[in-house]
Ligand code: PHE
């Protein structure tokens, strides 16, 4: 009779334990079948009611049942641990960089203006420049005055400005050069920075003009800085960007905040100076890529730098211009038209 009872308990334990879904349930079942209040434990207490030979047999049967249940619980616990470990291992082994053949979506790509800007900045970083961020919204002082462009100066007309208020004190920056003032106001030389950013000009859009475009400004200030240093950096940049030796020319130019000033042209690498119906260089054989020069003494005055102590050079690179040259794009407006057919080429 008692043996039947023990067998029933073991059968019931087997059924519930094998069905258990997690480790916590196993712990509960362990209490239920082997704990102090379990049926088997109660039976042990009741053993005194049996005569000795019978008591011994029952005790052996109860112990065997307890051991069987214990083993089963142990086995089940191990299974859960293994599964957990296996899952963990799977998580650890996921290679986030591997692509799936079955990935149902087409991957997007970065915009050519972004990749061009990134590669320009990357090159300068490797030439020892730090990255600095300017502001899209500027005051008249930073965009013009401090850069030696006084009020009512005709030079302001060349940079058609989007003003943000009636008295024309705040505006959308027309170039990244105001960042020169911010960095010099807050740092003492040596300075060696590039400032990537978006600029705005209120001008009619055409194949080579857009009201929004991007520049990367460069500024180097130290005790001994020469135009030769500027030339070296520009040459190095052009070589690294186009990955080949291109002819460069420094054409004398005029910017209010640099003296002397120059614009840099590279040999047209599409027509290789053959000038035969070339849309990129418009048959001139040269493509302008940046404006540059030695920092004007009045700019140093604006930021209270000692003109007898410091020299500097600055440059401003047109990002769209470089992207157009690199990818053979003839119309700047394509960058902003959001046409999938155009964007999917990159
Ligand atoms: N800020 C000038 C422009 O937008 C470019 C420039 C930058 C020229 C720095 C000289 C030095 O045209």
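Among the residues of the range 254-270, how many are more than 12 Å from the ligand (Cβ to nearest atom) and either surrounded by fewer than 17 Cβ atoms within 10 Å (Cβ to Cβ) or at pLDDT 90 or above (or both)?
3
So, of the residues in the range 316-346 that are touching a helix residue (DSSP H, G or I) at 6+ places or on another chain (Cβ under 7 Å) and within 12 Å of the ligand (Cβ to nearest atom), which turns out to be farthest from residue 256 (Cα to Cα)? In this case the residue turns out to be 319. Somewhere in the range 179-196, is a residue within 11 Å of the ligand (Cβ to nearest atom), surrounded by 13 or more Cβ atoms within 10 Å (Cβ to Cβ), touching a residue at least 60 places away in the same chain (Cβ under 8 Å) and not in a strand (DSSP E or B)? Taking every residue of the range 179-196 in turn, at least one turns out to be within 11 Å of the ligand (Cβ to nearest atom), surrounded by 13 or more Cβ atoms within 10 Å (Cβ to Cβ), touching a residue at least 60 places away in the same chain (Cβ under 8 Å) and not in a strand (DSSP E or B). All told, residue 143 meets the bar of being over 25 Å from residue 330 (Cα atoms), within 32 Å of the chain's Cα centre (by Cα) and surrounded by 20 or more Cβ atoms within 10 Å (Cβ to Cβ).
Whether a residue is surrounded by 15 or more Cβ atoms within 10 Å (Cβ to Cβ), closer than 16 Å to residue 181 by Cβ and within 14 Å of the ligand (Cβ to nearest atom) was assessed, and residue 216 does not pass this test. Pairs are defined by a Cβ separation below 7 Å, a sequence spacing of at least 6 or placement on different chains, a first member in the range 38-65 that is within 16 Å of residue 12 (Cβ to Cβ), and a second member that is outside any helix (DSSP H, G or I); the pairs so defined are 41/35. The number of residues in the range 219-253 that are farther than 30 Å from residue 301 by Cβ, within 26 Å of the chain's Cα centre (by Cα) and either within 13 Å of the ligand (Cβ to nearest atom) or surrounded by fewer than 18 Cβ atoms within 10 Å (Cβ to Cβ) (or both) comes to 5. Within the range 127-140, the residues that satisfy the criterion of being farther than 21 Å from residue 191 by Cα and exposed (fewer than 15 other Cβ atoms within 10 Å of the Cβ) are 136, 137.
Yes/no per residue for (1) over 14 Å from residue 64 (Cβ atoms); (2) in contact with a helix residue (DSSP H, G or I) (Cβ under 8 Å, 6 or more places away or on another chain); (3) in a helix (DSSP H, G or I):
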position: 10; (1), (2), (3): no, yes, yes
position: 13; (1), (2), (3): no, yes, yes
position: 21; (1), (2), (3): yes, no, no
position: 26; (1), (2), (3): yes, yes, yes
position: 30; (1), (2), (3): yes, yes, yes
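The values are calculated or read from the model by the stated rules, or taken from the named source; none is laboratory data. The structure presented is a predicted model; accordingly, all values stated were derived computationally and were not measured. As a convention, Cβ positions derive from the backbone with ideal geometry for all residues, glycine included, and neighbour counts pool all protein chains shown.
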